[in-house]
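The values are calculated or read from the model by the stated rules, or taken from the named source; none is laboratory data. It should be emphasised that the depicted structure is a prediction, and the values quoted were computed from it without experimental measurement. No Cβ is skipped: glycine too gets one built from the backbone with ideal geometry, and neighbour counts run over all protein chains shown. Note: areas computed on protein heavy atoms with side chains; ligands, DNA, RNA excluded. Shrake-Rupley method; radii C 1.70, N 1.55, O 1.52, S 1.80 Å.
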Amino acid sequence: YAIFQARQKMEYQSWLEILQFSLISGLGLYILFNFPSVENLSYGYLLASTAALISVLFFFHFKIFHLKITWRKSVWKKILIMSWPLALTGLFGLLYSYTDSVMLGYRGMIIETGWYNAAYKIVMASLIPMGLISASFYPVLSKFFKESKEKFQKAWDYQLEIMILSALPLVVGGIVLAPRIIYYFYSFDFAPSVLVFQILITTAGLIFLSRPFSDAMIICNQQKAMFWITLSGALVNIILNLILIPRYSLYGAAVATVITNFLI
């Protein structure tokens, strides 16, 4: 996928991601209706993801260039030196994304964890357009960074404008329409998820606004700075969850997420 993006052949990635989504969704639904269990569902994800990977490898091998396994120490050394900050950034990003759910579950708040994640999953789904926009701009920004500062600035300004115009209606609309959104997907038993959604949708807006800056920092070879920012966010998130969850349950977890993303 990274090579598809670098070559601005996003249509290949789109086709393959649609295939992967179809495999996971189709097999997951089949298992839920015929062999419903957590274990079987996890095997379904594994099987579908493996099939998707094999499809990507075949497509890449015959369409892009032939794959072969080689080992070059100099190449690995160069890549690891450049990439370790990004790898750890992703790790700590996942840490503060799931710390809240883990802590709620650890304290025995199982029902509250369900209410929280019911809202959280919809919020995460609202970030899909942001990922598509960012993935579209990233190769162009990387190219312009080497060719022309003026073109880079213009393209980056355009990306930021799109993110702002996307974030504002998302946050305002999400807060106003939260009851309708929650009750569309879930029953009235999920009433506590409404306030959680109204809090967390602010997080989506903050992520929309921060993404162009993080993309630019990585393109400008400032991935180490991104690592320290994300690490700080993960530590702050853990501390806030330790303080807020015992007092305010799932609402404290939501507030901790918003504060963390605002500081990031």
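Can residue 133 be described as in contact (Cβ under 8 Å) with a residue 24 or more places away in the chain and buried (at least 17 other Cβ atoms within 10 Å of the Cβ)? So residue 133 passes the test.
Taking into account only those residues within the range 142-160 that are more than 22 Å from the chain's Cα centre (by Cα) and polar (S, T, N, Q), which is modelled with the highest pLDDT? So the residue we want is 153. On the stretch given as the range 94-136, residues that are closer than 15 Å to residue 195 by Cα and either of a type in the set (Ser, Thr, Tyr) or in a loop (DSSP other than H, G, I, E, B) (or both) total 3.
Search the range 55-70 for residues being over 12 Å from residue 3 (Cβ atoms) and open to solvent by 100 Å² or more (accessible area, probe 1.4 Å), and hand back the single one that is nearest to the chain's Cα centre (by Cα). So, considering only residues that are over 12 Å from residue 3 (Cβ atoms) and open to solvent by 100 Å² or more (accessible area, probe 1.4 Å), the one nearest to the chain's Cα centre (by Cα) is 58. Out of the residues in the range 219-228 that are in a helix (DSSP H, G or I) and without any contact (Cβ under 8 Å) to a residue 40 or more places away in the chain, state the one that is most open to solvent (accessible area, probe 1.4 Å). Only one residue tops the list, namely 228. Each residue in the range 1-31 was checked for being within 16 Å of residue 136 (Cβ to Cβ), more than 18 Å from the chain's Cα centre (by Cα) and open to solvent by 70 Å² or more (accessible area, probe 1.4 Å), and 6 pass.
A quick yes/no check of all residues on (1) hydrophobic (A, V, I, L, M, F, W, C); (2) touching a residue at least 24 places away in the same chain (Cβ under 8 Å):
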| residue | (1), (2) |
| --- | --- |
| 20 | no, yes |
| 38 | yes, no |
| 43 | no, no |
| 46 | yes, no |
| 50 | no, no |
| 59 | yes, yes |
| 65 | yes, no |
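Which ones in the range 165-218 are of a type in the set (Asp, Glu) and open to solvent by 20 Å² or more (accessible area, probe 1.4 Å)? Residue satisfying the conditions is 189 alone. From the list 166, 210, 249, the one residue that fits, being hydroxyl-bearing (Ser, Thr, Tyr), closer than 19 Å to residue 101 by Cα and either in a helix (DSSP H, G or I) or without any contact (Cβ under 8 Å) to a residue 12 or more places away in the chain (or both), is 249. Of all the criteria given as (1) in contact (Cβ under 8 Å) with a residue 24 or more places away in the chain; (2) exposed (fewer than 10 other Cβ atoms within 10 Å of the Cβ); (3) among the charged types (D, E, K, R), the one not satisfied by residue 73 is (1).
Of the residues that make up the range 137-156, is at least one outside any helix (DSSP H, G or I) and within 25 Å of residue 10 (Cβ to Cβ)? For the range 137-156, residues outside any helix (DSSP H, G or I) and within 25 Å of residue 10 (Cβ to Cβ): present.
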